[in-house]
Amino acid sequence: MERNIKVYEALNWASSFLTENGRDANAGELLLGHFLDMDRTRLLSNLRMALPPDAGVKFRQAVEAHAKGVPVQHITGYEYFYGRKFLVNRDVLIPRPETEELVQGAIGRIRRHFGETKGLTLADIGTGSGIIATTIKLELPKLFVYASDISEKALAVAEKNAEALHADIRFVHGDLLQPFMGSKKLDIVLSNPPYIPETDRSSLSVVVRDHDPETALFGGEDGLAFYRRLVETLPYVLNKRALVGFEIGSGQGERVSCLLRDTFPESVVEVVRDLNGHERMVFCEKN
């Protein structure tokens, strides 16, 4: 990038270049703000500032990399979730805004279903970067929180995030609910498991398909493989009074809720839509 180029010129170039390559034009603001260590407000108030040459070079390289499909979060190394900064890399799924709705919905139902949170045990299954476990622990600090994952690399990222945000969480390595079989019963189980059907693989954006870990994306032929396995083992780990919350893919609500109703016929099961009107969560209140 040329010397003495202004911030507004760099942003205009990035916006046009990214649009031409089918990417979000606003990604330029995120990337330039990262290299200049400025939030959006400060960046836009310095539009006529000349770019330092080293920042200009890094910015151009980053914009070109994103145009080829590298996620912005893999370039910057972080993403915000529930107002907090989380480290991310290729070993974990990049946090999505929809998962904030799962967390928010879970917090409200935990308070309503149990009243007092002290003494309750929650497990976040397939924790990835740890966003669910860490956020819940910080929002409801009286909970005892476990986080499990089959990927040791993902657990390493989650542990760094919990430590950086001062969240007291016990991390366990293992496949879904297996680490909890035969141990202390759980009051709350939350999970955002892989739910994309294998048949949808080719339709995914290259940003997702080639950069998010495959093990965090695909849930078998119909996308429901992990829900079946989770629900099959839930009776062995849940207390008599319990809460289960799953994030789901659009159109999966009825099938996932049926799995829970068949397993816990006396429970209250509801499918909740996200802010965009898509089926996104299933909650099961076991009485």
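The values are calculated or read from the model by the stated rules, or taken from the named source; none is laboratory data. This is a predicted model, so every value here is computed, not measured. Positions of Cβ are generated from backbone atoms using ideal geometry, with glycine treated the same way; all protein chains shown enter the neighbour counts. Accessible surface areas use protein heavy atoms only, side chains included; no ligands, DNA or RNA. Shrake-Rupley method; radii C 1.70, N 1.55, O 1.52, S 1.80 Å.
The test for being at pLDDT 95 or above, among the charged types (D, E, K, R) and surrounded by 14 or more Cβ atoms within 10 Å (Cβ to Cβ) holds for GLU139.
Filter the stretch 211-250 down to the residues that are over 17 Å from the mean Cα position of the chain (by Cα), among the charged types (D, E, K, R) and modelled with pLDDT under 75, then identify the one that is surrounded by the fewest Cβ atoms within 10 Å (Cβ to Cβ). Step by step, filter the stretch 211-250, then rank; the result is GLU221. Taking the listed residues ALA133, ALA156, the one that is surrounded by 14 or more Cβ atoms within 10 Å (Cβ to Cβ), out of contact with any strand residue (DSSP E or B) (no Cβ under 6 Å at 6 or more places or on another chain) and in contact (Cβ under 8 Å) with a residue 24 or more places away in the chain is ALA156, with no other qualifying. Of all the residues that make up the stretch 115-125, how many are open to solvent by less than 40 Å² (accessible area, probe 1.4 Å) and modelled with pLDDT under 95? Residues that pass the stated criteria total 1.
Could you please find all residues in the stretch 141-171 being among the hydrophobic types (A, V, I, L, M, F, W, C) and in contact with a helix residue (DSSP H, G or I) (Cβ under 6 Å, 6 or more places away or on another chain)? Talk me through it step by step, then tell me what you get.
Start the filter on the stretch 141-171 by keeping residues that are among the hydrophobic types (A, V, I, L, M, F, W, C), which leaves 143-145, 147, 150, 154-158, 162, 164-165, 167, 169, 171.
Across the stretch 141-171, the qualifying residues are VAL145, ALA147, ALA162, LEU165, ALA167, ILE169, PHE171.
For the stretch 10-25, the criterion of being loosely packed, with under 14 Cβ neighbours inside 10 Å and basic (Lys, Arg) is met by none of the residues.
Which of the helices (runs of 4 or more DSSP H) found entirely inside the stretch 1-109 contain at least 3 residues meeting this: β-branched (Val, Ile, Thr)?
Working: elements: 7-20, 27-36, 40-44, 53-67, 72-76.
Qualifying helices (runs of 4 or more DSSP H): 72-76.
Tell me, which residue of the stretch 176-197 that is over 16 Å from the mean Cα position of the chain (by Cα) and part of a loop (DSSP other than H, G, I, E, B) is surrounded by the fewest Cβ atoms within 10 Å (Cβ to Cβ)? Applying the filter and picking the extreme gives GLY182. The number of residues in the stretch 243-270 that are of a type in the set (A, V, I, L, M) and more than 20 Å from ARG229 (Cβ to Cβ) comes to 1.
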